[in-house]
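Comments concern the structure below.
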Amino acid sequence: MRVRADRLAAVALAAVLALTGCTSGGKEASPEQTPSPAGPVATDPASVFRAAVAKTNQVPLSFTIDSDLGTIGTMTGDGASDPKQKATAYKAQLLTTDRKIDIAAVLVTPDLYLQVTGLTTDRWAHLITTKVKSLAKLGLDPTGSPTGLGSLADEIVTVQQTAPGSFSGTLDKSKNPLLASASPTDALKAVPFEATVNSDGYVTQLVTHTPAVGAAPASTSTVKFANFASKTIKVERPDSSTVEQAPDAFYQALQ
């Protein structure tokens, strides 16, 4: 595998900026209608929204991502995840003023397969996730998702219900492992968000307005979720003939 170590950090940073959940406006998909299980009904906005986040995190789903990253550029992507399988697959494209970076990832815990423009060849780089400290530098939350939904519950500070199925509030992004190295400014502790929850209690859209963090510009972002609990969602590993082991430089960059 050809790897330019001097570009590894830059490409990894691009992936983080593109895939931290600071994403915006993907194509709308039509969610499947799945009956909600019976149980206690939460009534205050924070409890209702937290319950929706928890429910959404428990089922297979598809997602779309379309990000405006300010002066860095734009990023679009789509994928699917299955928490029972502990797996996620997605493809994304980061467009800057001078380059295009294609990112593809397949995670079937503990195996992670990557293809990144300028970092790998046309073959998949295989990493063992238990050998790295964190997936954050690859833009993945602890659940392996690039959407940030897996860490959302820990970030919620305030929630208001603005209309049936519509919520807004603030998030403490200093608790987000993807931004763990960022300075915990007051602005980062009160990041505005809006979200939509459908009649089945699933989060269908999450919009965040993240302030500038270090060299990263401010961004407004939306992630859309659909196809909840679909039995057709299954993440497949790449064919073994297209895979080779990731070099030490990958592991060193993720420590």
Identity of the residue in segment 115-131, assigned to a strand (DSSP E or B) and touching a strand residue (DSSP E or B) at 6+ places or on another chain (Cβ under 6 Å), that ends up farthest from residue 253 (Cα to Cα) = 124
Determine, yes or no, whether residue 65 is in contact with a helix residue (DSSP H, G or I) (Cβ under 7 Å, 6 or more places away or on another chain) and either part of a strand (DSSP E or B) or under 20 Å from residue 202 (Cα atoms) (or both).
-> no
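Taking the options 80, 52, name whichever one is within 19 Å of residue 135 (Cα to Cα), at pLDDT 90 or above and in contact with a Phe, Trp or Tyr (Cβ under 8 Å, 6 or more places away or on another chain). Full working, then the answer.
Details: 52 fails: within 19 Å of residue 135 (Cα to Cα).
After applying the criteria, what remains is 80.
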When residues of segment 63-87 are filtered for being among the hydroxyl-bearing types (Ser, Thr, Tyr), touching a Ser or Thr at 6+ places or on another chain (Cβ under 8 Å) and surrounded by fewer than 21 Cβ atoms within 10 Å (Cβ to Cβ), how many remain?
-> 2
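Can you tell me which residue among 130, 147 is among the polar types (S, T, N, Q) and in contact (Cβ under 8 Å) with a residue 40 or more places away in the chain? Reasoning before the result, please.
On the way: 130 fails: in contact (Cβ under 8 Å) with a residue 40 or more places away in the chain.
One residue alone meets the criteria, 147.
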Test residue 230 against the criterion of being surrounded by fewer than 19 Cβ atoms within 10 Å (Cβ to Cβ), touching an Asp or Glu at 6+ places or on another chain (Cβ under 7 Å) and either free of Cβ contacts under 8 Å to residues at least 40 places away in the same chain or assigned to a loop (DSSP other than H, G, I, E, B) (or both), and give yes or no.
-> yes
Those residues that are of a type in the set (Gly, Ala, Ser), within 18 Å of the chain's Cα centre (by Cα) and at pLDDT 90 or above, I need them from segment 189-248; list them, please.
-> 195, 226
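The values are calculated or read from the model by the stated rules, or taken from the named source; none is laboratory data. As the structure is a computational prediction, the values presented were derived from the model and not from experiment. Positions of Cβ are backbone-derived with ideal geometry, glycine not excepted, and every protein chain shown enters the neighbour counts.
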